[in-house]
There are 2 protein chains.
Amino acid sequence: MSCHQHVIDQLRGAGVRLTPQRALVLDVVYHSHGHLTADQVYERVRTQSPQVDLSTVYRNLVFLRQQGLIGELRLEGEPTRFEAVRSGAEHHHAVCSACGAMIEIAPADLAPLSEALVRNYGFAVSLVHLTLNGHCAACQPAGASDKGQSSPHGVEALAGSDAEAG
Amino acid sequence: MSCHQHVIDQLRGAGVRLTPQRALVLDVVYHSHGHLTADQVYERVRTQSPQVDLSTVYRNLVFLRQQGLIGELRLEGEPTRFEAVRSGAEHHHAVCSACGAMIEIAPADLAPLSEALVRNYGFAVSLVHLTLNGHCAACQPAGASDKGQSSPHGVEALAGSDAEAG
DNA sequence: ACTCCAGTTGCAAATCTTTGCAACTGGCTG
DNA sequence: CAGCCAGTTGCAAAGATTTGCAACTGGAGT
Ligand SMILES: [Mn+2]
Ligand SMILES: [Mn+2]
Ligand SMILES: [Zn+2]
Ligand SMILES: [Zn+2]
C-alpha cells in the first residue's frame with residue numbers, strides 16, 4: 001500500500017473497505033492483459049490465497065465494475081469476461097455476428113452519443129467497455145445498400161394468447 | 001397462418017422452421033407490453049401449451065433475438081428481460097445507477113455512432129434495444145462539471161500476483 | 001491499544017441460463 | 001401423399017451467477 005493511492009482513495013471514497021480479497025481480485029485483473037472469465041480470476045486469486053471463495057470473486061467483480069474500475073465483455077455463448085479499465089486505454093468492442101471478429105472502438109466514436117443524451121434527456125451516460133454487435137467490413141450481407149435496420153412488422157397473432165397481463 | 005406473412009418470410013429466409021413452440025414464444029412476447037423475463041414468457045406459453053419446456057423458451061428467445069425480432073433488457077440484479085421489437089417503436093434505454101429511473105432513448109440519438117462505426121471501421125452495427133447506464137438529470141453527482149469519465153490510474157500491484165498467464 | 005459496527009466473507013443453497021442427446025417434425029422433394 | 005433430413009424439442013444435467021446468513025474484520029473514533 002504505497003503506490004496505487006489513487007485507487008485506494010477511490011475505494012475509500014465509496015465508503016468501502018479494501019480487504020485482501022478485494023485487493024487480490026483487483027490485482028489479478030489489472031495484471032492480466034485480455035479479458036478474463038470470473039473463473040479464471042478465481043483460479044489466479046486462489047494461487048495467492050486458496051481459501052477465497054468464488055462468490056467473493058463474483059461479488060468483487062460486480063463491485064469493481066460498479067466503481068468503473070473494470071469493464072465487462074459479454075460474448076454470445078460464453079461466460080462474461082472482465083478487463084481492467086486502464087487510463088489512456090479505454091475502449092469499446094464491436095463483434096461481428098458472422099465471423100466473430102472483435103474490433104476495438106475508440107471512445108471518441110461515442111462522444112456524439114454522450115452529448116446527445118445530455119442534451120436531449122439530461123442523462124450523463126457512463127460509457128465503459130461497451131460491446132456492440134453487427135457485421136464487420138468483410139461480412140457485409142449480400143444486398144447491403146438500404147436503410148440498415150431490418151424492420152419486423154406488426155406480429156399480430158401467430159398462436160393466439162391472451163393480451164398483456166402486467 | 002395468414003397475416004404475419006412478413007415474419008414467416010423472415011424466419012423461412014433464415015432456413016428455420018416455424019414450430020408451434022416458436023410461434024407461441026413469439027406470440028407471447030409480441031402480445032405483451034413491457035419487458036418480460038424468460039420465466040414470465042414460459043408461464044404464459046404454458047397456459048397455451050403446458051408441455052413446452054423452459055429450455056425451449058430460452059432457446060427461442062435467443063433465436064428470436066438473433067433474428068432481431070426481440071430485444072433484451074439487462075438490469076443490475078435481476079434476470080434478463082425481453083421485449084418485442086416493433087416497427088416504428090424501436091428504442092433504447094438509459095438506466096440511472098442512482099435512482100433506477102429508466103429512460104427511453106430514440107434511435108436517432110445513436111445514428112451518429114452508427115455512421116462513425118461504418119466510416120472508421122467499416123463496421124455495420126446492429127443497434128437493437130441497448131441498455132446504457134449513467135445518471136439521470138435528477139441524480140447528477142455533486143461536483144459534476146469535469147470531463148465526465150473518471151479515470152482509474154495505473155493499478156500496479158495491490159497484492160502482488162504473477163503477470164499475465166493468458 | 002480497545003471498541004464498535006457497517007461492510008465483507010465463506011459456505012451452502014438457490015436461481016438463472018445453457019447444453020448433450022435421442023426422439024421428433026416441419027416443410028421441401030418427388 | 002410418402003420419405004427424408006436439417007432443424008427442434010423435452011428431459012436431465014451441467015454450468016454460470018446470485019443470495020441468505022452468521023461469523024468476521026477494516027479502519028474510524030476514542
Ligand atoms: Mn476490452
Ligand atoms: Mn424497451
Ligand atoms: Zn465478420
Ligand atoms: Zn436518477
- Under the condition of being among the charged types (D, E, K, R) and more than 24 Å from B:ALA38 (Cβ to Cβ), which residue from region B:72-121 is nearest to ligand 2 (Cβ to nearest atom)? B:ASP109
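Condition test on A:ALA94, is it within 16 Å of ligand 3 (Cβ to nearest atom), within 9 Å of chain B (Cβ to nearest Cβ) and small (Gly, Ala, Ser)?
Working: within 16 Å of ligand 3 (Cβ to nearest atom): yes; within 9 Å of chain B (Cβ to nearest Cβ): yes; small (Gly, Ala, Ser): yes.
So A:ALA94 passes the test.
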- Does region A:21-28 contain any residue that is more than 9 Å from chain B (Cβ to nearest Cβ), among the charged types (D, E, K, R) and within 16 Å of DNA strand D (Cβ to nearest atom)? no
- Message: Checking B:LEU36 against (1) modelled with pLDDT under 95; (2) of a type in the set (A, V, I, L, M, F, W, C); (3) surrounded by 18 or more Cβ atoms within 10 Å (Cβ to Cβ), only one condition comes out false. Which one?
- Response: (1)
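Residue by residue, here is whether (1) more than 8 Å from every other protein chain (Cβ to nearest Cβ); (2) modelled with pLDDT under 95 holds:
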position: A:GLY68; (1), (2): no, yes
position: A:LEU73; (1), (2): yes, no
position: A:ARG81; (1), (2): yes, no
position: A:ALA84; (1), (2): no, no
position: A:ALA108; (1), (2): yes, no
position: A:ALA111; (1), (2): yes, no
position: A:GLU115; (1), (2): yes, no
position: A:GLY122; (1), (2): no, no
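Within region B:35-54, can you find the residues that are farther than 30 Å from B:GLU104 by Cα and assigned to a helix (DSSP H, G or I)?
In the first step, residues of region B:35-54 are kept if they are farther than 30 Å from B:GLU104 by Cα; the result is B:46-53.
Answer for region B:35-54, where residues must be farther than 30 Å from B:GLU104 by Cα and assigned to a helix (DSSP H, G or I): B:ARG46, B:THR47, B:GLN48.
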- Message: Tally up the residues in region A:120-143 that are under 25 Å from A:GLN67 (Cα atoms), away from ligand 1 (no atom under 16 Å from the Cβ) and not small (Gly, Ala, Ser), please.
- Response: 3
- Note on the structure: The number of residues in region B:93-106 that are within 15 Å of A:LEU127 (Cα to Cα) and at pLDDT below 95 is 1
- Do we have any residue at all in region B:106-129 that's surrounded by fewer than 17 Cβ atoms within 10 Å (Cβ to Cβ) and within 16 Å of DNA strand D (Cβ to nearest atom)? no
- Determine whether B:GLY77 is under 30 Å from B:GLN140 (Cβ atoms) and either in contact with an Asp or Glu (Cβ under 7 Å, 6 or more places away or on another chain) or within 11 Å of chain A (Cβ to nearest Cβ) (or both). yes
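The values are calculated or read from the model by the stated rules, or taken from the named source; none is laboratory data. Worth saying up front: this structure is predicted, and the values here are computed from it rather than measured. Every residue, glycine as well, gets a Cβ built from its backbone with ideal geometry; the counts of neighbours run over all protein chains shown.
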